[in-house]
Amino acid sequence: MTTLVFGHKSPDTDATLSAIVWAWYLTNRRGGDAEPRLLGEPNTEAAFVLKHWGFAKPAIIADVDAGQNVVIVDTNNPAELPPSINDANIMAIIDHHMLVGGLKTKAPINVVMRPLACTATVMHDIMGDDVAGLPTEIKGAMLSCILSDTLEFRSPTTTPHDRAVAEKLAADLGVSIPDLATKMFEAKSDVSAFSDAELLRMDSKEYNVAGKELRVSVLETTAPKIVLDRKASLMASMEGVAKEDGADQVLLFVVDILREEATLLVPNDLVKQMAEASFGCTVTGDTVVLPGIMSRKKQIIPALKL
């Protein structure tokens, strides 16, 4: 049986390309039969990286069949996975996020979760000496994942090991990290073709904070004005998106990669109260700038409270 490898819903670069990398590795180095899949359309940066390294976009699936062999990458959260994930045969999990709980397996499995900035860094370490023989496009995919998740080493999630792995891959490939990162971030910043609802869901995760079901969305960009110019319509769309997704509120953080700060849209008193309680700020309008806030995983989610 073919093993399907996939990451989380609303796939970013790491979820998209790590699935490709691991499916390739299982098939070509471990004698398996594996194929990558996506749980939604990749974001604009991931789409650029696919094209840049010559990969076809993996097929998109909505669910998995009972008994299907799967490997989960870049998440361990059932809310970010297919509805029937616990009916599948989960073979392994490779991740770098906090342990959420709720997944069930048919038998003991390999779980590799490490406090690194990127799933591709974890995969690099698992592969060990095999990395030297990887083809250019697979090394390029891994490098791109690390640059994306670390925001070219600006994110506080970045570890010295993530940076060392990226620099080694870039040297092997003869690639300029600043040049590649600039192209990736330009692609990520091009959101003109997306509706407000699509933007609110593009890089989004679900969390329960103080009894509130939240959709916490992050848009990382080198051109925040393009997004913030749409703030009125984005805030107007939040109620409908929250209702459709079974959430109490959508939080949207617009991360300015170059200025290393986030702007939170504040559509109502709930978000105002949460912003002030979580970040020690004073909100006086419909946005608040949060200096130094770059990471949902390390800085936003741990801080959220009412």
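Considering only residues that are in a loop (DSSP other than H, G, I, E, B) and either farther than 20 Å from LYS57 by Cα or within 14 Å of the chain's Cα centre (by Cα) (or both), which ones fall in segment 135-153?
LEU151, GLU152, PHE153
Pick out the one residue from ALA197, ALA193, ALA210 that is without any contact (Cβ under 8 Å) to a residue 12 or more places away in the chain and either within 26 Å of ALA23 (Cβ to Cβ) or not β-branched (Val, Ile, Thr) (or both).
The match here is ALA193.
Yes/no per residue for (1) β-branched (Val, Ile, Thr); (2) more than 29 Å from THR158 (Cβ to Cβ); (3) in contact (Cβ under 8 Å) with a residue 24 or more places away in the chain:
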| residue | (1), (2), (3) |
| --- | --- |
| ILE226 | yes, no, yes |
| ALA236 | no, yes, yes |
| LYS243 | no, yes, no |
| GLY246 | no, yes, yes |
| PRO267 | no, yes, yes |
| VAL271 | yes, no, no |
| LEU290 | no, no, yes |
| ARG296 | no, no, yes |
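When you check ALA47 against the structure, is it under 25 Å from LEU173 (Cα atoms), modelled with pLDDT of 95 or more and aliphatic (A, V, I, L, M), yes or no?
So ALA47 passes the test.
Would you please name the residue that is farthest from the chain's Cα centre (by Cα), looking only at residues in segment 203-221 that are modelled with pLDDT of 95 or more and among the polar types (S, T, N, Q)?
THR221
For segment 37-80, which positions are buried (at least 16 other Cβ atoms within 10 Å of the Cβ), more than 13 Å from the chain's Cα centre (by Cα) and in a loop (DSSP other than H, G, I, E, B)?
If the condition is that a residue be buried (at least 16 other Cβ atoms within 10 Å of the Cβ), more than 13 Å from the chain's Cα centre (by Cα) and in a loop (DSSP other than H, G, I, E, B), then TRP53, PHE55, PRO58, VAL64, GLN68 are the ones that fit.
With respect to LEU258, is the statement that it is more than 30 Å from PRO78 (Cα to Cα) and not assigned by TED's automatic domain parsing to the domain that holds PRO78 true?
Here the answer is yes, as LEU258 does meet what is asked.
Quickly run through segment 194-224 and pick out the residues that are of a type outside the set (Phe, Trp, Tyr), farther than 16 Å from THR263 by Cβ and in a strand (DSSP E or B).
SER204, LYS205, GLU206, ASN208, VAL209, LYS212, GLU213, LEU214, ARG215
For (1) under 18 Å from the mean Cα position of the chain (by Cα); (2) of a type in the set (Ser, Thr, Tyr); (3) in a helix (DSSP H, G or I); (4) more than 29 Å from LYS225 (Cα to Cα), each residue gets a yes or a no:
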| site | (1), (2), (3), (4) |
| --- | --- |
| THR105 | no, yes, no, yes |
| ASP125 | no, no, yes, yes |
| SER155 | yes, yes, no, no |
| LYS168 | no, no, yes, yes |
| PHE185 | yes, no, yes, no |
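Taking SER176, is it surrounded by fewer than 16 Cβ atoms within 10 Å (Cβ to Cβ), of a type in the set (S, T, N, Q) and within 26 Å of TRP24 (Cβ to Cβ)?
Yes: the conditions hold for SER176.
Take segment 15-31 and flag every residue that is surrounded by fewer than 16 Cβ atoms within 10 Å (Cβ to Cβ) and either in contact (Cβ under 8 Å) with a residue 12 or more places away in the chain or in a strand (DSSP E or B) (or both).
ARG29
Could you figure out which of (1) in a loop (DSSP other than H, G, I, E, B); (2) modelled with pLDDT of 95 or more isn't true of VAL191?
The single condition VAL191 does not satisfy is (2).
The values are calculated or read from the model by the stated rules, or taken from the named source; none is laboratory data. Note that the structure is predicted; figures quoted are calculated from it, not measured. Please note: Cβ atoms are built from the backbone with ideal geometry, for glycine as well, and neighbour counts cover all protein chains shown.
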